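Below is one structure, written out as structure tokens; comments come after it.
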Amino acid sequence: MTNPSGADPWLVLIDMQRVFGEPGSEWFTPDYETASAGCTRLRPAFGSRVALTRFVAPSHPVGAWIPYYEDWPFALDPRLEGQYDLMPEFPIHDATVVTRTTFGKWDAESAAALGGPSSIVLAGVSTDCCVLSTALAAADAGVQVRVVADACAGVSEADHRRALDVMALYAPLITLTTVDEVLASL
């Protein structure tokens, strides 16, 4: 798929954090290692055009987030703040870091931090939550989105597949791809 503006796309790696990647975490993503391997293969091809996102709990949840955190109280425990660190295989280096208290990581501030890209490549965890929320918001903003299916992982394989199926409905705004297809296109 070509980029309509001709500008190089950005790689946006969603929430490759300890809270999702460590087996003891309440939010552990069972197929995290698959997503991590795919993200690790993609990253060098994008040079400095890499964004690493982080989900963090708000200090004071509001609205619908209040009952959400009643279900997940560990997420608000300040003694566990390190759970929101990126996993060691994702050092920041020259990446842009986007930290949000929301599932979706795409907003006007994110777009500005990346220089207003017309095309992004998404990978990470979890497909059925933060990847999906980010993809839909970016597509709504007019950004061409490619979701790298084999560099994402969901809460379960079934949830991963369902999220991919939903995103496929948004073609041509969102397209599904693979690590090999992305690397071959750059």
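As a test, work out the antiparallel percent of DSSP beta bridges whose residues both lie in the chain, rounded to the nearest 5.
On the way: 1 of 24 bridges.
Antiparallel: roughly 5 percent of the beta bridges in the chain.
Give me Asp71, Asp15 ranked fewest to most by other Cβ atoms within 10 Å of their Cβ, as a rough exposure proxy. Please list the in-between numbers first.
On the way: Asp71 7, Asp15 28.
With the sparsest Cβ surroundings first, the list reads Asp71, Asp15.
Given the options Ala163, Ala184, Cys152, identify the residue whose Cα lies farthest towards the positive end of the charge dipole of the chain (+1 on Cβ of Lys, Arg; -1 on Cβ of Asp, Glu).
The Cα lying farthest towards the positive end belongs to Ala184.
Using Cβ contacts closer than 10 Å as the measure, can you line up Cys152, Cys39 from fewest to most? Please report the intermediate quantities before stating the final value.
Values: Cys152 30, Cys39 25.
Ascending Cβ contact count within 10 Å gives the list Cys39, Cys152.
For segment 107-118, take each phi angle, set θ = phi - 60°, evaluate the Karplus expression 6.51 cos²θ - 1.76 cosθ + 1.60, and give the result in whole Hz per residue in order, putting x for glycine and proline.
Per-residue couplings from phi come out as 8, 4, 5, 5, 4, 5, 4, 9, x, x, x, 8 Hz.
Which order do the peptides 47-59, 126-138 take when ranked by the mean count of other beta-carbon atoms within 10 Å per residue, highest first?
126-138, 47-59
Between Ala112 and Arg162, with labels modelled 7 Å along Cα→Cβ, what's the label distance in nm to one decimal, could you check?
3.7
Applying a 10 Å radius around every beta-carbon, put 23-30, 141-148 in order of their mean neighbour count, most first. Display every interim value, and only then the final one.
On the way: 23-30: 15.4, 141-148: 21.0.
By packing density, highest mean first, the sequence is 141-148, 23-30.
Only Cα pairs within less than 10 Å get springs; with that Gaussian network setup on the chain, which residue of Gly154, Gly63, Gly115 has the largest fluctuation?
Gly63
Return Ile66, Ile174, Ile120 ranked ascending by Cβ neighbour count within 10 Å, so the fewest neighbours appear first.
Values: Ile66 10, Ile174 22, Ile120 25.
So the residues, fewest neighbours to most, are Ile66, Ile174, Ile120.
For segment 149-186 and segment 28-77, what is the separation of their C-alpha centers, rounded to whole Å?
17
Which far-off residues, 5 or more places away or on another chain, put their amide H under 5 Å from the one on Met87, with H placed in the peptide plane?
Gln17, Arg18
Sticking with the crude label model, points 7 Å out along Cα→Cβ, report the distance from Thr99 to Trp72 in nm, one decimal please.
It works out to 1.7 nm between the two label points.
Give a quick list of GluC sites (Glu not before Pro) in segment 27-131 that DSSP marks as loop, anything other than H, G, I, E or B, with at most 15 other Cβ atoms within 10 Å. Don't jump to the answer; show the numbers that get you there.
On the way: sites: Glu33, Glu70, Glu81, Glu89, Glu109; in loops: Glu89.
Of the GluC sites (Glu not before Pro), the ones in loops of segment 27-131 whose Cβ has at most 15 other Cβ atoms within 10 Å are Glu89.
Per residue of the chain, what 222 nm ellipticity follows from adding -39500 (n - 2.57) for every DSSP H run with n ≥ 4, rounded to the nearest 500? Don't jump to the answer; show the numbers that get you there.
Numbers: 7 runs with 56 residues, N = 186.
The per-residue figure over the chain is -8000 deg cm²/dmol.
How high is the relative contact order of the chain, given as a whole-number percent (alpha carbon pairs under 8 Å, six or more residues apart)? Please list the in-between numbers first.
Values: 349 pairs, mean separation 53.3, N = 186.
The value is 29 percent.
Taking the Cα centre of the chain as origin, sum charge times position over the Cβ atoms of Lys and Arg (+1) and Asp and Glu (-1), and report the length of that vector in debye to the nearest 20.
On the way: 11 positive and 23 negative charges, 91 e Å.
Around 440 debye, computed over the chain.
Read-outs: derived from the displayed coordinates by stated rules, not from any lab. Small disclaimer: the values here were computed from a predicted structure and weren't measured. In this analysis, Cβ positions are derived from the backbone assuming ideal geometry, glycine residues included, and neighbour counts consider all displayed protein chains.
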